[in-house]
Amino acid sequence: MPSLIKILPDLLVNKIAAGEVVERPASVVKELIENSLDAGASDISVDIEQAGKRLIRVTDNGSGMSKEDARTAFLRHATSKITTEADLETIMTMGFRGEALASIASVSQVRLQSCLQGASSGVVVDIEGGSFRNVSDAAVPTGTSLEIAHLFYNTPARLKFLKSPATEFSHIISSVSHLSLTHPEIRFRLTHNKKMVLDLPAASNLKERVFQIYGAEIAENLISFSGGRDSVVIAGLLSRPAYTRADRTYQDFFVNGRYIKNTSLTHALYSAYSDMLMRDRHPLGFIFLQIDPSLVDVNVHPAKSEVRFRNQSQIHDLVRDVVREGLRGAGVSASVPMRADGVREAIADYVQNAEFGMRNAEFKSDTSSSLFSSSNRFLEADLDNSEFRISHSELLFPLAQIHDSFIIAQSREGMVFIDQHAAHERVLFEKLQDQYGAGEVSGQHLLIPVQVELGTAEREHMAEHLPELDRLGFAVEDYGNGAFMIKTVPSLLEGADPKRLFLDILDELRSQGHSSSMDKLRDDLFSVMACHPAIKVNRHLDRREMEVLIADLFKCRMPHTCPHGRPTIVRFSMDEIKKMFKRM
Ligand code: ADP
Ligand code: MG
């Protein structure tokens, strides 16, 4: 019987590979820009026609290619970036698989023009559906330009799967944006049907680049942060806790200069913000990890959009801790959304640039992926303007309470408003956390236990959580048939109505379902509990009570927001006050 198995011809293999590497026009844009970055370009232009279906052109001023390389570049597994298996462990370039150009060329009509730096003439290569049509010398500018026309012209099925032009082009914008964030020092331009869409001149740091792409509103509400340990450096920009969005659009993670998706990193971001976020609100984060390449596998996805960490959970915890530390470092400004009226200058972000720069030195093995090669370029040297941080309650003198709801206090540099309810919630919340951390939350027996009757749907839910509630200082007994007897409530919550507290906890349990982690559930329950006895608005406080509340608040780890994420303090500097009275 004749053999049935055949080795597929190269052209077909490339087309198959294209199925993975080239999902849509934006994937082509990404691969081409990555090549330009690897070629050391400082200026990259992307021109698109008809959302990339008609034309994608990426032009760079990078190293260029020789005539021979320009031809080899289109062969499968042809790369100048790695040579041995060991190189896979130390990848510092964006590319290494050597299949992008071969794949792209197999499903489009390509024209490459390239000229080496200093060479007298360059080369033009034309390829159609993977077959060479022309390779010739030509006078072309230094660097490389790749034109991809009629993508998927020979794979009608792929063509059909493309979404609307608007959708495809929005993917292109996001590809260019992400890549441009990894290299603020490089000029990027993007045009669509000859109209300029993004024009990003070389920027001096990440924040400036974010400003260029997303505008002032977002840039002004971001704080720089950095930290790390051993062979991992984590740095970037985070939203102030009081500035959140309704979705996750502005959460980008980069590992060794590569934009990636990773659910564990996203989770770490949320855990860092945990008790500062209101429900259904999302923080912003542009988070860069620079990690010893041998500790992360970038070769797990054909489009290189995922990575696998050798030690996933350690990286998760480190990101969470560094982000949290960064938020803490942001001081009082964290709680005050910036207004675009110059107050921004007054409240400066805090960043430990010196330490960051030092750690970078270890990763300078290749300058082409030089995100971290010059720390000052990446993160601006923000002032450590401690004048504007209130770390000591002694610096705050309560002057009055207005409408029995807000405290007015004088601070060293101006005055602050404190939301008494939010502040007290924060205090109770952290006290509950502390007691829990030290063993268990101390409970106080009710003189007369309170009975609550629950419907069928809710009983089981509650019954299931009784042991955990017990550890939270809340002893509830199941009397059967939906009857529950509340016997103990956390002593800190003395004065709260046990029944309403119980029902709120039930609501919280129901809304969380089984989806959340125990840690998150516990904190959420604490924040529900803290709300109950917390000093309400419309409650008169005397001077002494105000002093105690302020002192307690500033003993907290996160004094600037309540556990639901609302600000506890709003501040006005003397400069601002003077400005309001036109004295400045
Ligand atoms: P990879 O990037 O994984 O090496 P590609 O198929 O994307 O594979 O590119 C193949 C090779 O072509 C690269 O290794 C590089 O040497 C060369 N090349 C591609 N694009 C450029 C460019 N814009 N400038 C200079 N060389 C390039
Ligand atoms: Mg490549």
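The values are calculated or read from the model by the stated rules, or taken from the named source; none is laboratory data. Here the structure is a predicted model, which is why all the values come from computation and not from measurement. Positions of Cβ are generated from backbone atoms using ideal geometry, with glycine treated the same way; all protein chains shown enter the neighbour counts. When the accessible area is computed, the model is the full protein with side chains, heavy atoms only, and any ligands, DNA or RNA have been set aside. Shrake-Rupley method; radii C 1.70, N 1.55, O 1.52, S 1.80 Å.
Structure notes:
- Residue count for the stretch 75-100, restricted to those that are at pLDDT 90 or above and either surrounded by fewer than 21 Cβ atoms within 10 Å (Cβ to Cβ) or more than 13 Å from ligand 2 (Cβ to nearest atom) (or both): 1
- Of the residues making up the stretch 109-118, just one is among the small types (Gly, Ala, Ser) and more than 10 Å from ligand 1 (Cβ to nearest atom), namely GLY118.
- Annotation for the stretch 101-108: no member residue is within 11 Å of ligand 1 (Cβ to nearest atom), under 10 Å from ASN14 (Cα atoms), modelled with pLDDT under 90 and surrounded by 17 or more Cβ atoms within 10 Å (Cβ to Cβ).
- The stretch 78-100 - residue that is part of a loop (DSSP other than H, G, I, E, B) and among the β-branched types (Val, Ile, Thr) and, of those, nearest to ligand 1 (Cβ to nearest atom): THR79
- Across the stretch 440-471, the number of residues qualifying as under 17 Å from LEU492 (Cα atoms) and in contact with a Lys or Arg (Cβ under 9 Å, 6 or more places away or on another chain) comes to 6.
- The one condition in (1) closer than 29 Å to VAL255 by Cα; (2) touching a Gly at 6+ places or on another chain (Cβ under 7 Å) that LEU179 fails to fulfil: (2)
- Taken over the stretch 212-226, the residue count meeting the criterion of being within 17 Å of THR249 (Cα to Cα) and in contact with a strand residue (DSSP E or B) (Cβ under 6 Å, 6 or more places away or on another chain) is 3.
- Per the conditions (1) over 18 Å from SER145 (Cα atoms); (2) more than 9 Å from ligand 1 (Cβ to nearest atom), the sole criterion not satisfied by ARG71 is (1).
- Scanning the stretch 214-235 for residues that are in a helix (DSSP H, G or I) and either without any contact (Cβ under 8 Å) to a residue 24 or more places away in the chain or open to solvent by less than 30 Å² (accessible area, probe 1.4 Å) (or both) yields ILE218, ALA219.
- Verdict on ALA242 being more than 30 Å from VAL125 (Cα to Cα), aliphatic (A, V, I, L, M) and in a loop (DSSP other than H, G, I, E, B): yes
- Unmet requirement for PHE572, which otherwise passes all of (1) assigned to a strand (DSSP E or B); (2) modelled with pLDDT of 85 or more: (2)
- Among the residues of the stretch 20-58, those that are open to solvent by 50 Å² or more (accessible area, probe 1.4 Å), more than 9 Å from ligand 1 (Cβ to nearest atom) and either under 25 Å from the mean Cα position of the chain (by Cα) or not basic (Lys, Arg) (or both) comprise GLU20, GLU23, SER42, GLN50.
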